[in-house]
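Only one structure is covered here, and it is reproduced in the block below.
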Amino acid sequence: MPSERIVVADDVTEIRELCQRALEAQDYRVFTAQNGEEAVAIASEHPVDLLITDLRMPRLTGLDAYRRMREHRPDLLAIVMTGYGTMDSAIEALKLGAYEFLLKPFSPRDLISAVERTLSRRRLELQNARLKAFIPLFDLSQVASSAKAASALPQRTLEIAHQETAATKATLVRLDGQQRLVLHASIGCDGGDLASCLGHGSATPAMLATREPVVFDRTTADEWSPLLGDGALGPGIVQPLVHRDQLLGYISVARQPGDPAFTRDEAEFLSVLGSQAAVALENSALLRQLQDAYDRLAEMDHLKSEFISIAAHELRTPLAVILAYAALLEEEATGSVQEHLGQVVMAAMQLKSIIDEMVSLRRIDTGEQQIELTSVSIPAIVQGVLQEQQPLIHQKNQQVALEIAPDTPAACADDQVVSLILSNLISNAIKFTPAGGAIGISVSCNGETVVSCIRDSGVGIPPDQLERVFERFYQVEPSLRRRHGGIGLGLSIAREMADLIDGRIWAESPPDGGAAFYLSLPRA
């Protein structure tokens with residue numbers, strides 16, 4: 001449905017009424033004027049889109065009226081109608097920007113066709129202007145998406161506004177938490193004087209109530225002059241920056257007194273730029289907050305890694321002394337003393353396991369874990385881990401069944417990493433197998449992989465937890481009621497270490513209890 005406003009100016013009443021009736025039948029909003037001065041007055045009060053005017057009228061001709069109206073609306077369209085057309089008048093009308101030239105007499109169909117052609121061309125120009133606006137807006141989005149370039153966003157926004165509207169002055173002003181005006185960028189102004197001027201006051205109630213673009217000329221510029229600094233102002237536009245109904249600030253552009261007013265294309269562009277800039281500025285602020293939070297998190301993570309490194313170093317030496325002397329005394333003691341020393345050795349071994357897990361976690365996170373793939377014997381590593389874990393196995397009186405398939409090939413892996421993985425898996429089996437229970441360990445070849453299986457005889461793992469047990473710090477038992485020690489890192493470290501050597505770890509748990517953990521490594 002047409003929404004354009006049309007002024008029909010002719011000193012002949014019948015012509016005005018004919019045009020008005022024909023245009024209103026097409027749902028255009030029509031104003032009529034019997035001379036050029038009335039037409040100019042209507043255009044100053046209403047944002048009209050098209051002037052249909054007779055050339056010869058008393059007091060002010062049609063072309064003179066069109067010329068005066070274009071001082072405030074440079075993109076105003078016009079259709080000239082006359083019964084006394086000459087080549088000179090036609091050329092003058094076209095130079096001013098008239099689209100059509102109607103010779104009297106004309107029919108309503110001729111009038112409607114001329115209006116539709118003129119306004120369709122105008123709509124196409126507006127669409128092209130909108131498409132053109134997206135080219136610099138893409139550049140703006142690139143700036144807004146970079147945390148490093150976020151500080152340049154206000155200036156880049158203003159450069160786009162200044163260039164695309166051919167303004168002589170441009171500013172971008174933000175509102176702070178106290179609704180005070182703060183200059184963020186300026187072009188063609190004395191930034192220092194303008195910032196000083198803005199620093200003396202807050203936004204006026206009229207400014208704060210503004211959510212739509214404001215177009216001003218030299219006669220109405222005083223209210224908005226604080227946004228553009230000292231000096232005489234010509235035509236200008238103040239584009240509010242609004243995001244989610246919150247007023248963030250303004251983009252203001254102006255020209256010198258006597259310069260032509262801004263066209264509708266330029267106003268349309270500034271409106272699109274303002275809406276995109278408001279979103280970009282808000283997103284840029286969020287991006288900076290996220291970057292700051294990330295930087296703080298990275299600093300805390302660095303401090304955590306340093307703490308783990310220092311703590312592990314400081315704990316390892318006294319722990320090694322405790323383990324050595326406790327094991328020595330345990331061998332020499334008898335009776336209840338030997339039993340008590342066995343408890344000391346087991347507790348020290350648990351503490352050593354926790355320290356090893358913390359150090360391994362740090363190496364994974366920092367990328368310091370060195371990997372050297374060689375041909376390694378998995379059965380030999382399993383036997384070495386079992387010997388190391390023998391005090392814990394003996395303490396719980398557990399039975400370990402080791403089954404190694406004949407001709408098991410070597411695996412392509414890092415022996416230290418595999419030793420750590422199997423140590424964590426076997427330690428997990430010892431922890432969750434009750435005293436006197438059985439642990440089964442097997443090593444076999446499955447096609448192009450060497451598969452190790454560590455099976456415990458504990459309570460098992462619910463099906464929905466089989467993957468979660470590999471998450472860091474996750475434990476199936478509630479933290480306040482759990483019976484088993486540890487900090488929930490062993491299985492997650494084992495899986496992450498396996499990923500480093502192209503291995504794979506998974507868990508299975510049959511309904512009748514117990515859990516089996518599998519380690520698959522490529523053959524050498």
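All of the numbers you see were taken from the coordinates with simple rules; none came from a lab. Bear in mind that the values here come from a model prediction, so they are computed numbers and not experimental data. For neighbour counting, all protein chains shown are included, and Cβ atoms are generated from backbone atoms with ideal geometry for every residue, glycine included.
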In angstroms, what radius of gyration and Dmax does the chain have, counting Cα atoms only?
41.4, 131
Given the candidates ALA93, GLN239, ALA347, the one whose Cα lies deepest towards the positive end of the charge dipole of the chain, counting +1 at each Lys or Arg C-beta and -1 at each Asp or Glu C-beta, is ALA93
A student applying the Cα gyration tensor rule (rounded when a/c is under 1.5; otherwise prolate if a/b is larger than b/c, oblate if not) would label segment 370-522 prolate
Listing THR165, THR61 from the residue with the fewest other Cβ atoms within 10 Å to the one with the most, what is the order?
THR61, THR165
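Calculate, for ARG180 and SER305, the FRET efficiency according to 1/(1 + (r/R0)^6) with r their C-beta to C-beta distance and R0 51 Å; round to the nearest 0.05.
Details: r = 43 Å, r/R0 = 0.85.
Efficiency, from the Cβ-Cβ distance: 0.70.
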Taking only pairs that are 8 or more places apart or on different chains, how many Lys pairs in the chain have Cα atoms under 28 angstrom apart?
11
Highest mean first, how do 329-340, 252-263, 369-380 rank when packing is the count of other Cβ atoms within 10 Å averaged over residues?
252-263, 369-380, 329-340
Cα centroid separation - segment 278-328 against segment 329-343, whole Å
39
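At a Förster radius of 41 Å, what calculated FRET efficiency corresponds to the Cβ-Cβ distance of ILE112 and SER44, to the nearest 0.05?
Efficiency computed from Cβ-Cβ geometry: 0.90.
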Toward the positive end of the charge dipole of the chain, about the Cα centre and with charges on Cβ (Lys, Arg +1; Asp, Glu -1), which of LEU489, LEU287, VAL359 goes farthest?
LEU287
Taking only Cα atoms, what is the 0 to 90° angle, nearest 10, from helix 264-332's long axis to the longest principal axis of the chain?
10
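Using a 10 Å cut-off around each Cβ, can you sort TYR518, TYR474, TYR294 from fewest to most neighbouring Cβ atoms?
Starting with the residue having the fewest Cβ neighbours, the order is TYR294, TYR474, TYR518.
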Counting Lys and Arg as +1 and Asp and Glu as -1, each charge on the Cβ, what is the dipole of the chain about the Cα centre in debye, to the nearest 20?
720
Beyond 14 Å, what share of the Cα-Cα pairs of segment 1-84 is found? Please give it as a whole percent.
57
Using R₀ = 41 Å, calculate the FRET efficiency as 1/(1 + (r/R₀)^6) where r is the Cβ-Cβ separation of HIS394 and ALA298; round to 0.05.
0.35
Would you order LEU420, LEU103 from fewest to most other beta-carbon atoms within 10 Å of each residue's own beta-carbon?
LEU103, LEU420
Could you calculate the contour length gain from ALA435 to ILE91, that is, 0.36 nm times the residue separation minus the distance between their Cα atoms, to one decimal place in nm?
113.1 nm
Using Cα pairs closer than 8 Å and at least 6 residues apart in sequence, work out the relative contact order for segment 370-522, in percent.
26
By how many nm would the segment from TYR325 to ALA312 lengthen if fully extended, with 0.36 nm per residue of separation less the alpha-carbon distance?
2.7 nm
By how many nm would the segment from GLU372 to GLN465 grow when fully extended, if each residue of separation counts as 0.36 nm and the alpha-carbon distance is taken off?
30.2 nm
So how strong a dipole does segment 370-522 carry about its Cα centre when Lys and Arg Cβ are +1 and Asp and Glu Cβ are -1, to the nearest 20 debye?
720
At what distance in nm do the modelled label points of LEU402 and PHE473 sit from each other, each positioned 7 Å from its Cα along Cα→Cβ?
3.7
Listed residue (ALA206, SER336, GLY437) projecting farthest to the positive dipole end of the chain, Cβ model
ALA206
